C-alpha cells in the first residue's frame, strides 16, 4: 500500500528534519531502514534494500504510480531512455 500525505517540516534539531512514518507501514516491522536523500527522499525497509535491485526499483515505481506522482506513460518513457 502506498501512503500519500503532506507534512510540515517543523520537527527538527540543528541539523536534521524528522519525518513521521505511519506505524502500520509494512516496512516498520523490520525496525531498520535505509534513507536516501537527494532531490527526493526515499525510505526503504532493509529487507527490500538488500534484495535484488529490480525489486527495489519496481516497488519504488509502483508506489509513485499508486500515489499519482507519476503515471505509467512516464515510466515507459523513462525506461526507453535507460535502454
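Rule-based calculations on the coordinates, nothing more; no lab input. Keep in mind that what you see is a predicted model, and the values were worked out from it rather than measured. Cβ sites come from the backbone with ideal geometry, for glycine too, and all protein chains shown count toward neighbours.
In the chain, which helices (runs of 4 or more DSSP H) lie fully inside it and hold 1 or more residues that are in contact (Cβ under 8 Å) with a residue 24 or more places away in the chain?
Ranges flagged: 53-66.
Which is over 14 Å from the mean Cα position of the chain (by Cα) and at positive phi, of 31, 23, 68, 11?
Numbers: 23 fails: at positive phi; 68 fails: over 14 Å from the mean Cα position of the chain (by Cα); 11 fails: at positive phi.
Going through 31, 23, 68, 11 in turn, the sole match is 31.
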